[in-house]
Amino acid sequence: PQTILMDVDTGIDDALALVYLLSRPEVHLQAITCTAGNVGARQVALNNLALLQLCGRPGVEVAIGAEAPLEIPLVTTKETHGPQGIGYAVLPAPARRISPRHAVDVWVEEVRAHPGEITGLVTGPLTNFALALRREPELPRLLKGLVIMGGSFNYQGNTTPTAEWNVSVDPHAAREVFAAYRGLPADKLPLLCALETTERIELLPLHLRRLGEAAGAGPELVLPEQPDGLRSTSASPLVACLSDAIRFYMEFHRLHGQGYVAHMHDAFAACAAVGRTPFTARLATVDVETGSPLLIGTTVADFRGLWGLPPNARIVASNNPEQCFEELISSVGALARRSMSAGPPAPG
Ligand code: BDR
Ligand code: CA
């Protein structure tokens, strides 16, 4: 099995990333930790618990971490992900409680207990991971690997003109994390899934139709002219939930002139963490601007050694959106099919 410890700010694309990991039989999800980002940390936890319930896996631990970034006030983005972070989806009431452990304790304790076995996946701001590093500076060596969704290296941001959301929410945390990785061997360096490649993972209505078909629930009708807020009628509760969430995200992208599409940043990072989508990566030395009001949250990559510093990241340089969607649709479709034949999960 491949053991993954995930830190999220669920979030519509975080939700697809989580459901995808739950769909993969070879993945053992050690725990899910929650950080404030798209919505507050408690709402993130409630979303994760409900998604676990929907996928028939209520036993996975969900722990809350930082409620705010390290040094600057929290900004959330309800206009992007909906008031609860999950678009138009109405999630089931979770049967399980939030873990009594703090997210930082989960990271430190689990990674120490399973040295060299856990792949970390962070698809929200890096606050919890930075705090865990302060407690256990050996984290980079103790982890098997780390995959991060964050940054933008073609200097087109999605939050400011140059900054990507996850880094922009907590630039100080991101800076600390990259500093901690200087001088580590290349196979331990974090894989950065940044905007220039994650924005290529453009989910279209036809992908949702294919998901409905893969689930054996019939094609899902998702059209640009569908009235805002109209609920999915899919026979699969999981497909209906994802469709209702993603339709909100599509409307957001359309509002911003990007077309009726949804960028599945975090789902790509999850596929990359499992090693089931092709990509290439380049070594680089990465730093984050934290001082300038104009450029705060901007990630800068030195590919040529101009700073005279060792590389501290591997940045995804190319990916294959169609193969990524193939993987997401077939895996999540199969999970939706299994959950329909299993019926509703037993509580607890
Ligand atoms: C990132 O920002 C969030 O809104 C998404 O969930 C993703 O993790 C993309 O910039
Ligand atoms: Ca996210």
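The values are calculated or read from the model by the stated rules, or taken from the named source; none is laboratory data. Since this is a predicted model, take the numbers as computed values, not measurements. Neighbour counts are summed over all protein chains in view; Cβ atoms, including those assigned to glycine, are modelled from backbone coordinates with ideal geometry.
As a summary of the residue check, Pro205 satisfies the conditions (1) farther than 25 Å from Thr76 by Cα; (2) in contact with a helix residue (DSSP H, G or I) (Cβ under 6 Å, 6 or more places away or on another chain); (3) surrounded by 20 or more Cβ atoms within 10 Å (Cβ to Cβ); (4) not aliphatic (A, V, I, L, M) except for the one numbered (2). If a residue must be touching an Asp or Glu at 6+ places or on another chain (Cβ under 6 Å) and within 14 Å of ligand 1 (Cβ to nearest atom), how many such residues does region 1-40 contain? Within region 1-40, residues that are touching an Asp or Glu at 6+ places or on another chain (Cβ under 6 Å) and within 14 Å of ligand 1 (Cβ to nearest atom) number 8. Scan region 22-38 for residues that are within 11 Å of ligand 2 (Cβ to nearest atom) and within 21 Å of Glu117 (Cβ to Cβ) and the total you get is 0. For the residues Glu251, Glu196, the requirement of being surrounded by 15 or more Cβ atoms within 10 Å (Cβ to Cβ), within 26 Å of Leu294 (Cβ to Cβ) and of a type outside the set (S, T, N, Q) singles out Glu196.
Would you tally the residues in region 136-161 being outside any strand (DSSP E or B), within 25 Å of His28 (Cα to Cα) and away from ligand 2 (no atom under 16 Å from the Cβ)? Adding up the residues that qualify gives 9. Scanning region 136-157 for residues that are out of contact with any Gly (no Cβ under 9 Å at 6 or more places or on another chain) and either of a type in the set (Val, Ile, Thr) or at pLDDT below 95 (or both) yields Asn154, Tyr155, Gln156. It is to be established whether one or more residues within region 55-75 are within 14 Å of ligand 1 (Cβ to nearest atom) and in a helix (DSSP H, G or I). Within region 55-75 (the criterion being within 14 Å of ligand 1 (Cβ to nearest atom) and in a helix (DSSP H, G or I)), the answer is no, since none of the residues qualifies.
Within region 128-181, the set of residues being within 16 Å of Glu289 (Cα to Cα) and of a type in the set (Ser, Thr, Tyr) comprises Ser152, Tyr155, Thr159, Thr160, Thr162, Ser168.
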